[in-house]
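These notes concern the structure reproduced below.
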């Protein structure tokens, strides 16, 4: 990162950037990462907004976007810095979410396996009756075909049809 840019940051902004270093991010859990992600996103949005407002005001002043471009370098650089920091935190959030998802999936599979093992290892005086009730519970009462799920193409086509109807109605309403 550019030394001049880092020196132009306020103390709070400098600390925020320091919180996104690789070794610091490794020690955070998913909730802490999400909170950090939100703070960095706010900072990035602030400087993007400042840059756009100042650039828009300068265009009217100097008469063109090309002429006003160099005037707003600091906010543009800060917005770019926080964008790269946000990308770093986003990658770490994605990694943590993926890890949590795989852990949850493995826990659920293990719980299902242990529940199945407990049901199967239950011989006793009612072993024949337990097996028949288990078979009855496993078979559906009425065999039905699974319902077709809407594909993305179907959803898009439906949305397109509704939009076309709305356009036709709006056209009639203006007459």
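Given the criteria under 33 Å from the mean Cα position of the chain (by Cα) and either under 22 Å from residue 3 (Cα atoms) or surrounded by fewer than 11 Cβ atoms within 10 Å (Cβ to Cβ) (or both), does residue 115 qualify?
Details: under 33 Å from the mean Cα position of the chain (by Cα): no; either under 22 Å from residue 3 (Cα atoms) or surrounded by fewer than 11 Cβ atoms within 10 Å (Cβ to Cβ) (or both): yes.
The answer is no for residue 115.
What number of residues in the stretch 19-51 are closer than 19 Å to residue 9 by Cα, part of a helix (DSSP H, G or I) and either in contact with a strand residue (DSSP E or B) (Cβ under 6 Å, 6 or more places away or on another chain) or touching a residue at least 12 places away in the same chain (Cβ under 8 Å) (or both)? Before you say what the answer is, go through the steps one by one.
As a first pass, look at the stretch 19-51 and keep what is closer than 19 Å to residue 9 by Cα: 19-21, 36-51.
Applying the additional criterion that residues be part of a helix (DSSP H, G or I) yields 36-51.
Still in the running and either in contact with a strand residue (DSSP E or B) (Cβ under 6 Å, 6 or more places away or on another chain) or touching a residue at least 12 places away in the same chain (Cβ under 8 Å) (or both): 36-37, 39-41, 43-44, 47-48, 50-51.
Within the stretch 19-51, residues that are closer than 19 Å to residue 9 by Cα, part of a helix (DSSP H, G or I) and either in contact with a strand residue (DSSP E or B) (Cβ under 6 Å, 6 or more places away or on another chain) or touching a residue at least 12 places away in the same chain (Cβ under 8 Å) (or both) number 11.
Can you tell which of 141, 130 is outside any helix (DSSP H, G or I) and modelled with pLDDT under 60?
Details: 130 fails: outside any helix (DSSP H, G or I).
Exactly one residue qualifies, and that residue is 141.
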Qualifying residues in the stretch 43-70 (those that are surrounded by fewer than 13 Cβ atoms within 10 Å (Cβ to Cβ) and under 23 Å from residue 2 (Cα atoms)) - the one farthest from the chain's Cα centre (by Cα): 70
Of all residues in the stretch 89-104 being under 24 Å from residue 17 (Cα atoms), in contact with a helix residue (DSSP H, G or I) (Cβ under 8 Å, 6 or more places away or on another chain) and surrounded by fewer than 16 Cβ atoms within 10 Å (Cβ to Cβ), the one that is modelled with the highest pLDDT: 90
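The values are calculated or read from the model by the stated rules, or taken from the named source; none is laboratory data. In this text the structure is predicted, and so the values were computed from the model without any measurement. Positions of Cβ are backbone-derived with ideal geometry, glycine not excepted, and every protein chain shown enters the neighbour counts.
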